[in-house]
Every structure is written in C-alpha cells, then in structure tokens.
Amino acid sequence: MKSALVGLALVGVPTGWAGEFIPPASPPKEPKAQSWDFCEWIQDDPGVLYEAKESWFLNKVQIGGRLHYQAAYVGGKDVNGRHFHDTYDEYRRARLETEIGFLRYFEAEVNVNLVDDRRFRDAYPYDLDWGYDTFDTLAVTADLDDAFDLDFLDKLHVTYGRMKLNMGEEAHQSSKDILTIERSALSDRIGGAASRPTGVTVTAGKGDWELTLGVFSSEDDSDVLSNWDDGRFYYGSLEWEPADEWRFVFDQSVNDQNGLDSALGYAWASSLAGIYETDHWGVMLNGVYGDNGGGDEGNSQARRQGDFWGVVVMPWYWLVEDRLQFVFAGQFQRSEEVEGIRLDSRYIRARHDDALVNVSNGRGEQSHGLYAGLNYYLCENHAKIMGGVSRTNILTRRGEVSAWTYALAFRTFF
C-alpha cells in the first residue's frame with residue numbers, strides 16, 4: 001500500500017500527511033452577470049441627481065414623475081329611465097415633479113401637469129393635449145425645528161405656495177397611494193372647487209400629535225399663484241396616532257363670509273376620520289358635515305345651498321401579502337336641498353354618446369355608492385394595476401339616476 005501511495009505522489013496526485021487522497025482544486029467559477037431589476041431600480045430613488053446635506057447652498061436636486069392611465073365602461077339609466085352605455089379612456093395624470101433642497105433648511109417643490117385629457121368631459125373642447133397644462137404644486141417649505149434646534153417640538157414646518165387642500169382622509173393620501181381608482185364624490189366635494197389653492201400653512205408635531213393651520217386665497221383663475229384680492233378661507237387639521245395600528249384625523253375648512261369663495265365653493269365643512277391598519281388588513285371610516293352656504297360662497301341658486309353630510313367606509317384585505325389586495329368602499333351623501341350634493345366627474349356625468357341622456361349634471365339630494373376592486377402591485381406603489389366595479393345611485397330633482405361602472409387603471413411613478 002505504501003509503495004502505491006508513493007507512486008501516486010510521483011505522478012502528481014496530492015496526498016495528505018497520513019497518505020489520504022486529496023482531490024485537486026476546482027478551477028474558479030466565472031461570476032454570474034447580475035440582471036437588471038426594474039422594481040429595485042424604481043424603488044431606489046432613481047431621480048436623485050444631486051445630494052449634499054451639509055452644503056450651505058444646494059442640498060438636493062431630485063426629479064420624479066407619475067403616469068396614471070385608466071379606462072372605463074359605464075351603463076345605466078338616466079332621470080327619464082333612458083338607458084345609456086359608454087366607454088372612456090383617459091390619461092388621468094402625467095406630471096413632472098421636482099424637489100430642490102437649498103440653504104439647508106428650505107425645500108422647493110415644483111410639480112407640473114403635462115396632460116389635459118378632456119375627451120370624456122361634458123363641455124367643449126373634447127380633446128387630448130400633451131405638454132404644459134398647469135402647475136400642480138409650486139411651494140417652498142422652511143424646516144424651522146431643524147433650523148433653530150427646537151427641543152420642545154418634533155416638527156415645525158412653514159409652507160407657502162400652490163398646494164393641495166387635504167380635507168378628508170382620502171385627500172391626505174397621495175394619488176400614488178389611494179386604494180380606489182377614484183376618490184369618493186364626498187372627498188371631491190370637501191376638497192374644494194379649486195384643484196390647488198394658494199396659501200400658507202404651519203405644521204407643528206410633537207409625539208403622537210400633529211397640527212396644521214393655514215389660510216388660503218379664494219381666487220382661482222391663475223395657473224400659477226393666486227392673488228389675495230378676492231377673499232380667503234381658513235384650514236385646520238389635527239392628527240393623532242396613539243398606536244401603530246390606529247390613526248385619527250380631524251379636518252376643518254371655513255370660508256371668509258365677506259368674500260366670494262370660488263376656491264372652496266361652500267361655507268364650511270368638518271371631517272373626522274379613523275383608520276385602523278395591520279399587516280394583513282385595515283379599515284377607514286370618514287364622516288363629513290358641512291354647509292353649502294349662500295350666494296357669497298358661490299352658490300347663487302337656493303336649491304344648491306343648505307347643509308350636507310355623508311360617510312365613507314373603506315375596508316381592505318391582503319389576499320397575497322404585498323402583492324394582491326382586495327378593497328371595498330361604500331359611501332353615502334345627503335343634503336337639505338335638492339341639488340346640495342354632486343357626483344364626481346368620472347364618469348356618470350361625463351359626455352354621453354346619446355345626446356338625449358340626462359343625468360341632471362350629477363346634482364341631487366341623496367346618493368349612495370358601492371365599490372369593489374383588486375389592486376395588483378408590480379413594484380409596490382411604484383407600479384400597480386387596479387381594477388374595480390362600482391354601483392352608484394343618486395336622487396335628483398328630475399328623477400333617479402343609477403349606473404354600473406367597470407374600470408381598469410395602471411399607475412406608476414418614480
């Protein structure tokens with residue numbers, strides 16, 4: 001045996017100190033080329049062009065964008081019992097977004113709408129235009145708690161410019177995050193007649209609490225910043241998060257009765273929302289009460305004045321964790337007058353192929369709606385497909401309108 005081992009050593013076969021056989025080392029493997037992952041890329045802030053947190057001049061430059069496309073089929077009966085069936089497709093949102101941090105404690109947000117899709121509208125022109133439309137957001141925020149090292153507050157921000165009015169829980173959520181294809185008609189109502197009013201807000205936070213107070217211009221005929229010559233309205237929001245699963249939000253908006261309010265469109269409104277959310281399911285309940293006001297609030301017709309109220313309930317459940325989500329939503333609206341509430345613009349009160357269809361312009365005194373949908377997340381909220389079906393009824397002064405809507409949407413942003 002010993003002579004055999006010696007022979008193996010002589011021909012180059014390695015052996016151990018005790019004569020055991022040692023196999024030759026394998027040649028090194030070529031490293032595998034890593035494939036590009038779109039989801040990993042889009043979720044890793046690809047729009048950050050420059051960042052220097054300690055700079056006293058320019059701290060950050062980030063660009064982003066969002067594209068929302070949707071299509072829908074609507075079928076129902078108008079106030080005269082006339083049947084209608086229509087299909088629509090729409091580039092719901094296309095925005096170029098920019099955030100610029102400067103002088104350490106300031107941030108400018110400039111978002112531009114790049115599409116105006118009016119093909120479904122009930123008023124001329126019925127066209128699709130790409131390119132600059134309006135500013136969505138044009139605002140500057142100062143981070144005062146960081147600037148002055150305030151120990152008694154966790155947050156103190158002052159913002160001035162053109163911004164969204166966050167009335168109701170659905171409005172507090174970005175369009176990138178909402179669980180239904182469209183926000184409820186009640187949310188649209190208290191969100192104001194202006195898409196983005198000009199104002200100044202102060203937000204202070206400490207522990208579980210956050211308070212925002214603001215004053216806004218009532219003028220809404222500017223695509224950039226409004227002036228302050230046509231009155232103003234006031235806004236407040238108080239948020240309490242006592243636990244990871246629970247959150248409560250109270251919002252209030254009040255019109256200055258001395259001016260014509262084209263931006264708010266009502267005298268005042270209050271919203272109280274409660275949200276419970278776990279890893280697997282959640283539910284949101286939002287109640288609203290308000291006053292449409294009189295002529296000074298933009299409602300010169302008596303049948304569109306008086307009080308209004310409503311409620312939205314929205315539970316959701318993850319069928320497949322972080323991938324497939326079921327959403328249900330129910331809403332109810334009621335008003336004192338026969339035209340004190342209104343449906344949202346998509347899509348029952350849109351332009352119909354049958355010119356004789358009459359939905360009373362979506363105005364009525366009582367409405368309820370049900371929505372059921374599935375959301376499939378391709379790359380979390382950065383890319384998702386949404387599908388939903390809804391049943392809507394509204395009692396108008398001319399009769400009842402009822403319709404089914406089947407919708408499909410694609411949402412992406414970076």
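Numbers at a glance
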{"quantity": "Matching entry among Ser226, Ser237, Ser271, Ser187 (being in contact (Cβ under 8 Å) with a residue 40 or more places away in the chain, in a loop (DSSP other than H, G, I, E, B) and out of contact with any Phe, Trp or Tyr (no Cβ under 6 Å at 6 or more places or on another chain))", "calculated": "Ser226"}
{"quantity": "Segment 215-257 - residue that is of a type in the set (Phe, Trp, Tyr) and surrounded by 21 or more Cβ atoms within 10 Å (Cβ to Cβ) and, of those, farthest from Trp268 (Cα to Cα)", "calculated": "Phe216"}
{"quantity": "Selection within segment 352-378 - farther than 18 Å from Glu400 by Cβ and crowded, with 22+ Cβ neighbours inside 10 Å", "calculated": "Tyr371, Asn375"}
{"quantity": "Count of residues meeting criterion [among the hydroxyl-bearing types (Ser, Thr, Tyr) and surrounded by fewer than 13 Cβ atoms within 10 Å (Cβ to Cβ)] in segment 48-70", "calculated": "1"}
{"quantity": "Selection within segment 363-410 - touching a residue at least 40 places away in the same chain (Cβ under 8 Å) and not in a strand (DSSP E or B)", "calculated": "Leu378, Glu380, His382, Thr396, Arg397, Arg398, Gly399"}
{"quantity": "Scan of segment 295-336 for residues that are buried (at least 17 other Cβ atoms within 10 Å of the Cβ) and at pLDDT below 95, ordered by number", "calculated": "Glu297, Gly298, Asn299, Arg304, Gln305, Gly306"}
{"quantity": "Within segment 338-351, tally of residues that are closer than 17 Å to Glu400 by Cβ and part of a loop (DSSP other than H, G, I, E, B)", "calculated": "6"}
{"quantity": "Tyr73, sole failed condition from (1) over 30 Å from Ala350 (Cβ atoms); (2) surrounded by 14 or more Cβ atoms within 10 Å (Cβ to Cβ)", "calculated": "(1)"}
{"quantity": "Hits in segment 75-115 (condition: under 30 Å from Lys60 (Cβ atoms) and charged (D, E, K, R))", "calculated": "Arg92, Arg93, Arg95, Glu97, Glu99, Arg104, Glu107, Glu109"}
{"quantity": "Long-range neighbours under 7 Å by Cβ, at least six apart or interchain, first residue of a type in the set (Lys, Arg) within segment 325-343, second part of a strand (DSSP E or B) and surrounded by fewer than 23 Cβ atoms within 10 Å (Cβ to Cβ)", "calculated": "Arg334/Trp309; Arg334/Gln366"}
{"quantity": "1 or more residues out of contact with any Ser or Thr (no Cβ under 9 Å at 6 or more places or on another chain): qualifying strands (runs of 3 or more DSSP E) within segment 43-118", "calculated": "48-51, 58-77, 83-102, 115-117"}
{"quantity": "Segment 87-118, residues that are touching a residue at least 60 places away in the same chain (Cβ under 8 Å) and of a type outside the set (Ser, Thr, Tyr)", "calculated": "Glu90, Arg92, Arg93"}
{"quantity": "Test: residue in segment 200-214 that is modelled with pLDDT under 95 and surrounded by 21 or more Cβ atoms within 10 Å (Cβ to Cβ)", "calculated": "no"}
{"quantity": "Flag if Leu150 is aliphatic (A, V, I, L, M) and not in a strand (DSSP E or B)", "calculated": "yes"}
{"quantity": "Residue list for segment 32-82, filter: free of Cβ contacts under 8 Å to residues at least 24 places away in the same chain and among the hydroxyl-bearing types (Ser, Thr, Tyr)", "calculated": "Ser35, Tyr50"}
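The values are calculated or read from the model by the stated rules, or taken from the named source; none is laboratory data. As the structure is a computational prediction, the values presented were derived from the model and not from experiment. Neighbour counts run over all protein chains shown; Cβ positions are idealised from the backbone, glycine included.
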